1. Determine, for TYR130, TYR69, TYR49, the number of other Cβ atoms within 10 Å of each Cβ, and report the residues in order from fewest to most.
2. Quick check: pseudo-label points 7 Å beyond the Cα along Cα→Cβ at GLU262 and ALA90, how many nm apart are they?
3. Can you pick out the pairs among LYS77/LYS195; LYS114/LYS195; LYS129/LYS225; LYS114/LYS225 whose Cα atoms lie more than 29 Å from each other?
4. Based solely on C-alpha atoms, express the radius of gyration and the Dmax of the chain in angstrom.
5. Under the Karplus relation 6.51 cos²θ - 1.76 cosθ + 1.60, θ = phi - 60°, what is the ordered set of whole-Hz ³J(HN,Hα) values for region 198-206, x standing for Gly and Pro?
6. Over region 91-147, what portion of Cα pair distances is larger than 13 Å, expressed as a whole percent?
7. Along each of the three principal axes of the Cα atoms of region 60-120, give the extent in whole Å, ordering the values from largest to smallest.
8. Please arrange CYS73, CYS156, CYS26 by counting, for each residue, the other beta carbons lying within 10 Å of its beta carbon, fewest first.
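All of the numbers you see were taken from the coordinates with simple rules; none came from a lab. Note that the coordinates shown come from a computational prediction; the quantities given were computed from them, not determined experimentally. FYI the Cβ positions are ideal-geometry reconstructions off the backbone, even for glycines, and counts take in every protein chain you see.
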Amino acid sequence: MYYIDPHIHMVSRTTDDYETLARMGCVAMSEPAFWAGFDRGSAESFHDYFRQLTDFERQRAGQFGLQHYTWLCINAKEAENVSLSREVIAMIPEFLDTPGVLGIGEIGLNKNTKNEATIFLEHLELAVKYDQQILIHTPHLEDKYTGTRMILDMLCDDTRLDRSRVLVDHVEEHTIRSVLEEGFWAGMTLYPVSKCTPERAVDMIEMHGAERLLVNSAGDWGPSKPTAVPDFIIAMRRRGHPESLIRKVVYDNPREFFSQSENFDFAPPELDEAEANL
Ligand SMILES: [Zn+2]
């Protein structure tokens, strides 16, 4: 089955991973800007990173027939440095017309601090000013519930935002309901050690339906599995869900969400007749 991975950090992955993803049916991916594992020292460092995301990584994916899209921001961990964050935010507009740039992300909170919230709000201003879609990282483990609530409150306070153009990622059982009820898209991240397993993602589909729900691998430089979306496809089949529902979650939904960005120039693969009739 063809699928799109809406959240994966390919700069951290090998060329072999691209080849494996292509073999497993991945046709496109989107890569939010994230933390490099260390705090970067200057805005120039981010400038180079954005060039890597918008140029080299897109080419590297293309060699395997994969369509690569990206999101730009300074992540929540580095948002503690407010002056650096402002320099990076000021630089982002020069990249927003670049092919493949879908919007601002992954912004959000990490430890739910005041500085993180300040920079989150400044990213929202940027998104509104340039009419961009938004992809949001919610915090880990013990910070997730409070952080998600803080994020939703900040988003809901801004009446200029079109909620159907905002994806709140890394939802779990205790946060998914409020994200969907407020009218946002929700992303479930399939991780081997934290976040969500494929089976728990299937549970959440069974409880909440498949509208405005996405699944992703969030593969990066840490313990993660770039082929986690195919694992989800198999887990859905094992529970007896129809192919049409599986395809909605892994292919139609990301396509629908991303299509709200002018830079989503996706060329769909030819579906074989059996799949097209689902
Ligand atoms: Zn990420």
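1. TYR130, TYR49, TYR69
2. 2.5
3. Beyond 29 Å: LYS129/LYS225; LYS114/LYS225.
4. Every Cα atom of the chain included, Rg and Dmax give 17.5, 55 Å.
5. Couplings: x, 5, 5, 5, 4, 3, 5, 4, 5 Hz.
6. Here the tail beyond 13 Å accounts for 61 percent of pairs.
7. The principal-axis extents, from largest down, are 42, 23, 15 Å.
8. With the sparsest Cβ surroundings first, the list reads CYS156, CYS26, CYS73.
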